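Following: one structure in structure tokens, then a few remarks.
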Amino acid sequence: MKYAIFGDIHANLEALEAVLAHASAQGCTEHVCVGDVVGYAANPRECLDIVRQMGCPVVKGNHDEEAILDTSLEGLNPLAKQAMEWTRNQLSPEDREFLANLKLVRQVRDFTIVHSTLDTPGSWTYVTNKFDAMASFSYQFTQLCFYGHTHTPRIYVKGDSVEALEEMTVTLEMGRKYFINVGSAGQPRDGDWRPAYAIYDVENQNVTIHRIDYDIQTAQDKIIDAGLPEMLAHRLSLGK
Ligand code: ZN
């Protein structure tokens, strides 16, 4: 059995469809989402429909949470503020209810999923180094956990100490724990514009993070046509 694990879709329908097609071609039959389905790009409802119709496990991301609040957006930077106001106006009552009911942390089969960190999942802090990862590992009760939020794929391994791997693939070993950032499907920020997601191969006990091609032009055109900030279209090409 193979799981496709993806997140930080951020309403980029073209990227989500490309991830699902690629995962299917790799033999994935199961899907799992680590949150931030909405926010930034032009198709929040369509992305929510796909995730909902697949019935796959999903955890809540900070944008999923923000999108259903009525609170002021004064604390956000202007780009995020404009995108969030637009997103809030797109969502149906059904969309809002779906997002409201998402949990912060879930266990799926033998692994855990969370959007940000396991130590403070509702505070939306970022795991950007092995010390942050160490804090999360203290609350990780399965061998394997997938997360997102930084939009940068990374594999942390905990043996006697915690280290970040250079490579984007790992075979799971007994006695070790793995905290794996699957990267972002819809808005990568590691300087590589290609959507990222992970495949967990249960039989072979390995995880690989894939980077794939997609119709970026259409995604960018839709952002501009929707009246969203042009920078949100531009940054997709930069991968930042
Ligand atoms: Zn995000």
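Some values worked out for this structure:
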quantity: Positions within the stretch 200-215 being over 19 Å from ARG176 (Cβ atoms) and not aromatic (Phe, Trp, Tyr), in sequence order; calculated: HIS210, ARG211, ILE212, ASP213, ASP215
quantity: Selection within the stretch 128-152 - of a type outside the set (Lys, Arg), open to solvent by 10 Å² or more (accessible area, probe 1.4 Å) and in contact with a strand residue (DSSP E or B) (Cβ under 7 Å, 6 or more places away or on another chain); calculated: MET134, THR142, GLN143, THR150, THR152
quantity: Helices (runs of 4 or more DSSP H) (entirely within the stretch 12-70) containing at least 2 residues that are more than 12 Å from the chain's Cα centre (by Cα) and away from the ligand (no atom under 16 Å from the Cβ); calculated: 13-25, 44-54
quantity: Cross-chain or 6+ apart pairs with Cβ under 9 Å, the stretch 141-160 first and farther than 15 Å from PRO121 by Cβ, then of a type in the set (S, T, N, Q) and open to solvent by 10 Å² or more (accessible area, probe 1.4 Å); calculated: LEU144/THR112; THR152/THR128; ARG154/THR128; ILE155/THR169
quantity: Single match in SER136, SER184 (criterion: within 14 Å of the ligand (Cβ to nearest atom) and under 18 Å from the mean Cα position of the chain (by Cα)); calculated: SER184
quantity: ALA4 being open to solvent by less than 30 Å² (accessible area, probe 1.4 Å), without any contact (Cβ under 8 Å) to a residue 40 or more places away in the chain, in contact with an Asp or Glu (Cβ under 9 Å, 6 or more places away or on another chain) and within 20 Å of GLN187 (Cα to Cα); calculated: no
quantity: Condition met for GLU203 (loosely packed, with under 15 Cβ neighbours inside 10 Å and either within 16 Å of the ligand (Cβ to nearest atom) or free of Cβ contacts under 8 Å to residues at least 12 places away in the same chain (or both)); calculated: no
quantity: Tally, over the stretch 29-50, of residues that are open to solvent by less than 10 Å² (accessible area, probe 1.4 Å), at negative phi and in contact with a strand residue (DSSP E or B) (Cβ under 8 Å, 6 or more places away or on another chain); calculated: 4
quantity: TRP124, sole failed condition from (1) under 16 Å from VAL19 (Cα atoms); (2) within 15 Å of the chain's Cα centre (by Cα); (3) open to solvent by 10 Å² or more (accessible area, probe 1.4 Å); (4) not acidic (Asp, Glu); calculated: (1)
quantity: Condition met for LYS60 (free of Cβ contacts under 8 Å to residues at least 12 places away in the same chain and not hydroxyl-bearing (Ser, Thr, Tyr)); calculated: no
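Listed here are the residues, each with its yes/no results for (1) open to solvent by 60 Å² or more (accessible area, probe 1.4 Å); (2) over 17 Å from LEU20 (Cβ atoms); (3) β-branched (Val, Ile, Thr); (4) in contact with a strand residue (DSSP E or B) (Cβ under 9 Å, 6 or more places away or on another chain).
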{"site": "LYS177", "(1), (2), (3), (4)": "yes, yes, no, yes"}
{"site": "VAL182", "(1), (2), (3), (4)": "no, no, yes, yes"}
{"site": "ILE199", "(1), (2), (3), (4)": "no, no, yes, yes"}
{"site": "GLY227", "(1), (2), (3), (4)": "no, yes, no, no"}
{"site": "GLU230", "(1), (2), (3), (4)": "yes, yes, no, no"}
{"site": "ARG235", "(1), (2), (3), (4)": "no, yes, no, no"}
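The values are calculated or read from the model by the stated rules, or taken from the named source; none is laboratory data. This structure is a prediction, so every number in the text was calculated from the model and none was measured. Glycine also receives a Cβ, built like all others from the backbone with ideal geometry; neighbour counts cover every protein chain displayed. These area figures cover heavy atoms from the full protein model, side chains too; ligands, DNA and RNA do not enter into them. Shrake-Rupley method; radii C 1.70, N 1.55, O 1.52, S 1.80 Å.
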